[in-house]
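First the structure, in the form of structure tokens, and then the observations on it.
Since every read-out is calculated from the coordinates, none of them should be taken as a lab result. Here the structure is a predicted model, which is why all the values come from computation and not from measurement.
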Amino acid sequence: MHSINTKKVIGFSLLFLIPFLTIFSTMYLLLKDDEIKGVQVERVMSVQDPYITNLMPKVANVNEEYVFVPKIVASDFSNVNITIQEGPEWLWVDGEGVLRGYPFIEDIGTYKVVLKVEDEIGSSTTTEYVIVVDDEE
């Protein structure tokens, strides 16, 4: 009469069962739809409103180019727009998103500048700055 060695049976079973489960569970995870038991699973991504992380230079000198390169944090860097909501007429945003301007003697004074950063889905923030136009001479 033959006796069945339980340890050998369990060992051989695990020897085949573990690789089988590993291979097929990995394939299942790679190929499955986002549907579990008839319930559609929706993946929600955290979207952060874009914002500027650096400060504008506070002084713009008469008859010198004023330049500010904003550093922006956003979920999608390729589709971010910067606009001037409020500011002096001599200040503009170029095609690269850099603020540029060339103040003249008649522009001497203090200006409030409000910049809006917006991504393509409409998330936005506004940031306020103050620029003083001064004549160095």
(request) Scan around D49 for amide H atoms under 5 Å from its own, H built in the peptide plane at 1.01 Å from N, and keep only partners 5 or more places away or cross-chain. (result) none
(message) List the residues, sorted by chain then number, that are 5 or more residues from T125 or on another chain and whose placed amide H is less than 5 Å from its amide H.
(response) V117
